[in-house]
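Encoded as structure tokens, the structure appears first; notes follow it.
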């Protein structure tokens, strides 16, 4: 053991040699250069020698032996950060939690959430679609929805688990990844899926805030798009902020061909998008306006397992919205949206030979809100939607939005924090298809949603 190492270890303990008993090692006499330091370490229980009254200072020390000494010094409160960093692997093998390395370990954080969800759905075609002159609801067994699609159930029952990993690249940049597992209890078919759903970096370039990679894109407060996307987002400003974004929308989103089959469903390929938003924070009032243009939606998608969609749908969506926080508890929001959808450079209404409703609006009201960190906190929410064809692609609501073809209806709900990091939500949604209504028919959906989310 080097003189400097012995002295440094002894000084790190922060006490004097006079506080200790006589030297226990026969090969370290009183006049030895390291007598006081070795005496101090021995009295503190940091070093023990070889069990034969010898210290063995002339012997080479293994990294494992040194790691044991560092671990004991750490337990005594010694400031040995550099030594702990040097022998981190050996300390880990010893099962020692290196508290003084936490600053370095903070570069990577692992968090997670587990959500159990149950949702009951009552979907219905109007009888007029089946040839009757009336348009009242049919029973759910004969309706559009799960049973029509081949399932024998009208509910969803699943467990979703997410593991988040955040790494600090440097003072300005960080990395985030998310692994997701979904377990469907409805059919018990063993079709659970685990996939890497997020992988992106965030940081600053000069005065710009940048997000790039596979992240959750959130346009128009979720009234246009709220799901995974591969792209980049750049913003500038604080109180008044300009944001630009571009990328590719997620694949596998549901689409329904109400114009032809009134019920034919397939998963479509997400198109490319680009857009911008201008927002301002005016104390209690927040306002925003923006534009996003989706290109080639559904192009290349397979319809009915055989037909490949040759051309995509283009859809340019404008929106303007505002929200006002009255007293910290009550908040009111509203938004107007306008869509301009076209297929192969032809307006969708001309392709389908009818005048569709291509604009819409939403209004929402919230009271308080459950906070995961605060047991007993709770909140209420209510939303009304009247959005036409082409005003949204992947809506944030849990209501039936009839796969982008336009919907109208409302949702109400409540949330409550049962204990720290355990939050429950219950909601009711009642919506109907606007495009079916344009045809003089009625397709509606009522659903009850309940979930409990654990975060850690």
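Values in this text are rule-based calculations from the coordinates and carry no lab data. Remember, it's a predicted structure, so these values are computed and weren't measured experimentally. No Cβ is skipped: glycine too gets one built from the backbone with ideal geometry, and neighbour counts run over all protein chains shown.
In plain terms, the chain from residue 274 to residue 183 could stretch by 29.4 nm, reckoned as 0.36 nm per residue minus the Cα-Cα distance.
Please give the contour-minus-distance gain from residue 30 to residue 164: 0.36 nm per residue of separation, less the Cα-Cα distance, rounded to one decimal in nm.
On the way: separation 134, 0.36 × 134 = 48.24 nm, distance 5.71 nm.
Working it through step by step, the gained length comes to 42.5 nm.
If we count other beta carbons within 10 Å of each Cβ, what is the order of 417, 396, fewest first? Before the final figure, lay out each step's value.
Details: 417 21, 396 18.
So the residues, fewest neighbours to most, are 396, 417.
Counting neighbouring Cβ atoms within 10 Å and putting the fewest first, the residues 192, 233 line up as 192, 233.
How high is the FRET efficiency from residue 324 to residue 75, r the C-beta distance, R0 56 Å, rounded to 0.05?
E between residue 324 and residue 75, to the nearest 0.05, is 0.50.
Rounded to the nearest 0.05, what FRET efficiency do residue 377 and residue 311 have when you use their Cβ-Cβ distance and R0 = 51 Å?
0.55
What's the exposure ranking of 28, 110, 320, going from fewest to most Cβ atoms within 10 Å? Don't jump to the answer; show the numbers that get you there.
Working: 28 21, 110 10, 320 15.
Ordered from fewest to most neighbouring Cβ atoms within 10 Å, 28, 110, 320 come out as 110, 320, 28.
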